[in-house]
1. Could you work out how far apart the two model spin labels at residue 210 and residue 165 are, taking each label as a point 7 Å from the Cα in the direction of the beta carbon, and quote it in nm?
2. Quick check of the Kirkwood formula: for the chain, what is the inverse mean of 1/r over all pairs of different Cα atoms, in Å?
3. Hey, fewest Cβ within 10 Å first, where do 54, 61 land in order?
4. Going by how many other Cβ atoms sit within 10 Å of their own, how do 130, 195 line up, fewest first?
5. Arrange the peptides 116-123, 78-85, 36-43 so that the one whose residues have, on average, the most other Cβ atoms within 10 Å appears first.
6. Can you give the percent of C-alpha pairs in the range 95-213 whose distance is more than 25 Å?
7. Roughly what % antiparallel, to the nearest 5, for the DSSP beta bridges in the range 1-93?
8. Between residue 86 and residue 40, how high is the FRET efficiency from 1/(1 + (r/R0)^6) when r is the Cβ-Cβ distance and R₀ = 22 Å? Nearest 0.05.
């Protein structure tokens with residue numbers, strides 16, 4: 001279908017995480033009818049902000065149904081870095097996002113991490129990682145230093161996972177976020193890394209959902 005026939009549909013979805021009410025956004029492109037593979041998008045530490053919905057829209061145009069999850073509940077979006085850190089700490093202490101789903105043996109086809117935190121929080125080493133794992137990492141990321149990267153590689157090797165990792169030279173944390181411009185904090189957008197990592201993500205999903213059945 002042509003772009004003119006493409007119509008993005010966004011729907012607010014409420015769901016429960018134990019007793020917490022979460023407010024997610026379900027996104028699909030009407031240019032791709034029928035049943036589609038599903039993608040769970042885990043937002044940055046700011047929460048389910050506009051950036052997450054923009055990224056979900058781009059993924060939906062590739063032919064997927066995307067759920068933007070609500071990491072903090074009640075649709076909370078941080079307004080300051082301090083608030084974001086406070087909201088994120090429970091997830092740091094009790095991991096529950098993309099890589100942790102892979103580590104816990106969730107029945108997923110693929111996992112992609114863009115400039116994500118890689119340590120496992122001291123949890124037991126995983127033994128049954130089912131999805132193909134793609135890590136897209138800024139080589140100069142001060143938030144994810146080389147020892148953390150090395151420990152992650154050892155972890156994947158020990159688990160005999162299907163994994164790959166790409167380092168983007170000169171990139172730091174949040175390199176896919178056009179609004180990131182805080183060099184002192186280590187979060188800066190890099191257009192080249194953003195575009196290259198996006199292409200790899202698209203190919204990774206294509207392989208996982210099409211080539212692998």
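FYI, it's all coordinate maths here, none of it is from the lab. The structure presented is a predicted model; accordingly, all values stated were derived computationally and were not measured. FYI the Cβ positions are ideal-geometry reconstructions off the backbone, even for glycines, and counts take in every protein chain you see.
1. Rounded to a tenth, the inter-label distance reads 2.9 nm.
2. Every distinct Cα pair counted, the radius reaches 18.0 Å.
3. Least to most surrounded, the residues fall as 54, 61.
4. 195, 130
5. Ranking, from highest mean packing down: 36-43, 116-123, 78-85.
6. 23
7. Around 80 percent antiparallel, to the nearest 5.
8. For residue 86 and residue 40, the calculated efficiency is 0.40.
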